[in-house]
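Structure first, then comments.
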Amino acid sequence: MIEVCLVEDEQNLVDLIKLNLEMEGMKVTVYSDGIEAKLHFEHSLRFDLIILDVMLPNYSGFDLCKQIRDVSDVPILFLSAKGTTQDRIKGLKLGANDYLPKPFDLEELLLRIHV
């Protein structure tokens, strides 16, 4: 079973993404706070994919990406309202595999996850 970590603080978005990934047969772990995710990642990076928002409470997704890349090559997909070209370039330079700006099409997100 594919294990996905979703780090997102918008609960309605969490519910939508989690439900759809579970319907695709994936196990989803959710963190809504950057520090909570950071502390978990210091102990375990057992996921097949990490989906990160950039603007999180207490610790940014960009900082999380950098921390993850220091120890792992797990695929990272940014999903963020910060969708300018500069934001996308920054995320990719930090080591993300993909960057999808919000608002997004759910089918496109699912296709990117499968890729």
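Laid out as a table, the results:
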quantity	calculated
Average accessible surface area per residue within the chain, 1.4 Å rolling probe, Å²	53
Length added when fully stretched, S32-L19, from 0.36 nm per residue minus Cα-Cα	3.1 nm
Ordering of 85-91, 59-65 by packing [mean C-beta count within 10 Å, highest first]	59-65, 85-91
In range of the label at V71: residues from the range 39-56 whose backbone nitrogen is under 20 Å from the point 7 Å along Cα→Cβ	39-53
Full-stretch length increase - R46, T84 - with 0.36 nm per residue and alpha-carbon distance subtracted	10.6 nm
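The values are calculated or read from the model by the stated rules, or taken from the named source; none is laboratory data. Remember, predicted model here, so these are calculated numbers, not experimental data. Positions of Cβ are generated from backbone atoms using ideal geometry, with glycine treated the same way; all protein chains shown enter the neighbour counts. Quick note on the areas: whole protein, heavy atoms, side chains included, nothing else; ligands and nucleic acids left out. Shrake-Rupley method; radii C 1.70, N 1.55, O 1.52, S 1.80 Å.
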